[in-house]
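J.: Got a structure here, written out as structure tokens. Questions coming.
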Amino acid sequence: MQTEGRSRKLLRIHRDDDVLIVVAPVCAGDQDLVDGHEVVFTQNIAIGHKVAARDIKAGEKVYKCGVPIGSAKEMIPAGAHIHLHNLKSDYIVTYTLDKDHVSVK
Amino acid sequence: MSPSNNSPTLQGFLRSDGRKGIRNCIVVAYLVECAHHVAREIVDSFRGQSVHLIGFGGCYPNAYADRMMNKLCTHPNVGGALLLSLGCESFNRHRLAEAIARTGRPVSTVVIQQTGGTRKSIDAGKTWVEQALQQIVEVPRAPLHVNELVVGTVCGGSDATSGISANPAVGRAFDMLVEQGAATIFEETGEMIGLENVMSARAVTPELGHELKASVEKAAYYYKQMGHASFAPGNAEGGLTTIEEKSIGAYCKSGDSPISGLIKPGDIPRKSGLYLLDVVPDGEPRFGFPNINDNAEIAELIACGSHVILFTTGRGSVVGSAISPVIKICANPETYERMSDDMDVNAGKILRLEASVDEVGEEIYRKVLEVASGAQSCSESLGHQEFVLTYKSFDPIGPACLPM
């Protein structure tokens with residue numbers, strides 16, 4: 001099985017990936033083990049969203065499905081939610097109506 | 001684990017060009033919408049038998065439609081063809097009939113105006129199909145190896161689950177097929193915007209890489225002219241952060257193999273490997289959207305020789321196709337529960353953590369072999385034989401597109 005952590009809520013799609021996909025709702029306060037780090041989630045994370053599979057340095061390319069999906073805007077610790085606030089496209093700026101939309105804090 | 005341990009030799013229908021079919025059907029092809037009804041009446045009287053309806057509705061000539069019909073009527077899954085002409089349309093029925101006859105397949109043309117109208121044409125067509133069905137039973141069988149298969153993939157009715165379950169699983173199945181020497185075809189350049197550099201790096205030559213990149217740029221321009229947005233706010237809500245990430249959904253069906261070529265509708269890969277099918281017309285947009293629906297893409301994959309189509313869906317598509325079986329891979333576990341009669345593979349298991357991407361990839365690979373050896377896919381057993389062909393225009397591919 002390609003899940004990581006104890007919760008079995010985090011799915012690794014590709015061996016080269018820097019992100020894990022949330023496949024069951026994660027709640028603020030949940031604890032898990034990601035890449036050897038004990039992680040406490042600080043927010044709810046919805047299914048389909050992603051968290052860091054390892055500590056990612058600012059400026060590093062971030063891989064999902066074996067493909068770079070952008071670069072880290074800041075240092076992203078293992079287990080942290082990855083979204084508009086800490087990942088940017090290397091192709092074109094992502095426009096959204098309102099970033100609070102995705103309950104990114 | 002290794003697919004070589006379980007890649008059996010199948011039996012194929014041997015055609016005069018050396019290709020082998022996994023089906024042996026008669027196609028009834030109307031050459032203008034005015035002949036559609038007669039063609040359908042003929043096909044309907046052979047319900048449950050291998051008689052498929054295809055056709056081109058337009059009355060004005062179109063080189064792309066000509067080529068598509070030629071490639072479809074001489075597809076290895078096709079044993080013979082009946083052409084239905086009204087009599088005054090622009091489609092060159094003589095050239096098509098001659099091309100089919102040259103392959104040794106039984107072919108006949110019913111011209112409705114000459115035959116005496118609807119009823120007589122239906123009767124004449126039915127009589128011909130009856131004898132053609134008996135004739136094609138005699139088509140020689142020959143061992144068919146996995147390395148002779150051409151497999152295409154398409155996605156439709158996608159949702160947020162498609163890109164994280166069914167599509168990566170198809171990518172694994174594609175890797176296994178390529179490893180076994182099969183040719184695999186992926187497409188949807190319009191949904192790969194942002195990944196053109198990543199994709200180009202996988203090309204077997206730098207020149208091909210340049211062509212791959214150009215095909216995505218062409219798609220980006222074309223869709224912009226069509227007013228097609230790339231990244232909608234709803235995508236971010238579903239957890240997608242960048243255009244690259246969104247494009248992964250379609251792109252990851254290609255797996256990890258090197259990309260051996262860029263083809264256009266009707267180009268048939270003659271060697272093993274992974275090919276990108278460029279479905280976006282060349283030149284300024286003229287006839288509207290590149291493909292009006294999923295079946296237009298499926299028809300193009302089949303015209304490129306695909307024996308089988310792997311169709312991934314999250315929201316739940318039900319379509320099949322004329323000529324080549326469609327295997328449906330459902331990405332969303334809830335959709336699968338609701339529509340399981342239509343789904344061949346439940347990739348939603350990945351999201352329920354009941355199977356890994358690799359395991360579902362292997363399941364898809366095995367399903368391809370099962371269907372290639374004659375087992376019906378769900379859409380086939382339900383009688384789905386959708387077909388669409390519209391106007392388009394393409395320039396031929398350049399020399400850099402097929403380097404091997």
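A short reminder: the numbers here are calculations on the coordinates, not readings from a lab. Every value quoted in this text rests on a predicted model; they were computed, and no experiment measured them. All Cβ positions, glycine included, derive from the backbone under ideal geometry; neighbour counts span all protein chains shown.
J.: Return the FRET efficiency for the residue pair A:Asn44, B:Glu359: r is the Cβ-Cβ distance, R0 is 45 Å, and the value is rounded to the nearest 0.05.
T.: Given R0 = 45 Å and the Cβ-Cβ separation, E is 0.90.
J.: Once you order the gyration tensor axes a ≥ b ≥ c over the Cα atoms, which shape class does segment B:289-332 get: rounded for a/c under 1.5, otherwise prolate or oblate by comparing a/b with b/c?
T.: The shape class here is oblate.
J.: For A:84-91, what's the mean count of beta carbons from other chains sitting within 10 Å of each residue's beta carbon?
T.: Numbers: counts 4, 1, 1, 4, 2, 8, 6, 11.
The mean count of partner-chain Cβ atoms within 10 Å per residue comes to 5.
J.: Here's another thing I want to ask about it. 222 nm [θ] for chain B, helices only, -39500 (n - 2.57) per DSSP H run of 4+, per residue, to 500?
T.: So the calculated ellipticity at 222 nm is -10500 deg cm²/dmol.
J.: Work out the length of the dipole vector of segment B:19-143 about its Cα centre, built from +1 on the beta-carbon of each Lys and Arg and -1 on the beta-carbon of each Asp and Glu, and round it to the nearest 20 debye.
T.: Once rounded to the nearest 20, the dipole reads 420 debye.
J.: Residue by residue through B:354-363, how many Cβ atoms from other chains fall within 10 Å of the Cβ on average?
T.: Partner-chain Cβ atoms within 10 Å, mean over residues of B:354-363: 2.
J.: How much FRET efficiency would the formula 1/(1 + (r/R0)^6) give for B:Arg40 and B:Glu207, where r is the Cβ-Cβ distance and R0 is 56 Å, rounded to 0.05?
T.: Given R0 = 56 Å and the Cβ-Cβ separation, E is 0.75.
J.: Let me ask something additional. List the trypsin sites (Lys or Arg not before Pro) within segment B:284-370 that DSSP assigns to loop and that have no more than 11 neighbouring Cβ atoms inside 10 Å.
T.: The qualifying sites are B:Arg286.
J.: Restricting things to Cα coordinates, could you compute the convex hull volume per residue of segment B:25-138 in Å³?
T.: Details: hull volume 9.5 nm³, N = 114.
Spelled out: Cα convex hull of segment B:25-138, divided by residues, is 84 Å³.
J.: Another question, then. What translational D, rounded to a whole number of µm²/s, comes out for the protein assembly as shown from Stokes-Einstein when the hydrodynamic radius is the Kirkwood one over Cα pairs, at 25 °C and 0.890 mPa s?
T.: Calculated translational D: 103 µm²/s.
J.: Another question about this same structure. Let me spell out the model: positive unit charges on the Cβ of Lys and Arg, negative unit charges on the Cβ of Asp and Glu, origin at the Cα centre of the protein assembly as shown. What dipole size does that give, in debye rounded to 20?
T.: The calculation lands at about 980 debye.
J.: So what are the radius of gyration and Dmax for the Cα set of segment B:294-404, in Å?
T.: Radius of gyration, then largest Cα-Cα span, for segment B:294-404: 15.8, 47 Å.
J.: Taking +1 at the Cβ of each Lys and Arg and -1 at the Cβ of each Asp and Glu, which of B:Cys252, B:Ala173, B:Met199 sits farthest along the dipole of segment B:146-394 towards its positive end, judged by Cα position relative to the Cα centre?
T.: Of B:Cys252, B:Ala173, B:Met199, it is B:Met199.
J.: Hey, another quick one. Of the beta bridges DSSP finds with both residues in chain B, what % are antiparallel, to the nearest 5?
T.: Expressed as a percentage, antiparallel bridges in chain B total about 15.
J.: Going by average Cβ neighbours within 10 Å, how do the peptides B:76-86, A:72-82 rank, with the highest at the top?
T.: Values: B:76-86: 26.3, A:72-82: 19.7.
The most tightly packed comes first, giving B:76-86, A:72-82.
J.: Return the whole-Å distance between the Cα centroid of segment B:109-144 and the Cα centroid of segment B:198-226.
T.: The distance from the Cα centre of segment B:109-144 to that of segment B:198-226 comes to 43 Å.
J.: Using the beta-carbon distance between B:Gln134 and B:Asp395 and R0 = 35 Å, what value does 1/(1 + (r/R0)^6) give for FRET efficiency, to the nearest 0.05?
T.: Efficiency, rounded to the nearest 0.05: 0.25.
J.: Projected area of segment B:146-394, taken from the Cα convex hull and averaged over every viewing direction, in nm²?
T.: That works out to 12.1 nm², a quarter of the Cα hull's surface.
J.: Same structure again: Dipole of segment B:25-138 (Lys/Arg Cβ +1, Asp/Glu Cβ -1, origin at the Cα centre): which of B:Ser50, B:Val28, B:Ala101 lies farthest to the positive side?
T.: B:Ala101
J.: Sort B:Met404, B:Met176, B:Met69 so that the residue with the fewest other Cβ atoms within 10 Å of its own Cβ comes first and the one with the most comes last.
T.: Listed from fewest to most nearby Cβ atoms, that is B:Met404, B:Met176, B:Met69.
J.: Under a point-charge model restricted to the Cβ atoms of Lys and Arg (+1) and Asp and Glu (-1), what is the dipole moment magnitude of chain B relative to its Cα centre, in debye to the nearest 20?
T.: Charge dipole of chain B: 1200 debye, to the nearest 20.
J.: On average, how many beta carbons from a partner chain sit within 10 Å of the beta carbon of a residue in B:254-260? Walk me through the numbers before you get to the answer.
T.: Working: counts 0, 1, 6, 0, 0, 0, 0.
Counting other chains' Cβ atoms within 10 Å and averaging over B:254-260 gives 1.
J.: Does segment B:364-404 classify as rounded, prolate or oblate by the C-alpha gyration tensor (a ≥ b ≥ c root eigenvalues; a/c under 1.5 gives rounded; else a/b over b/c gives prolate, otherwise oblate)?
T.: Taking the square roots of the gyration eigenvalues as a ≥ b ≥ c, segment B:364-404 is oblate.
J.: Can you put B:Ile112, B:Ile136 in order, fewest other beta carbons within 10 Å first?
T.: Working: B:Ile112 25, B:Ile136 18.
Ordered from fewest to most neighbouring Cβ atoms within 10 Å, B:Ile112, B:Ile136 come out as B:Ile136, B:Ile112.
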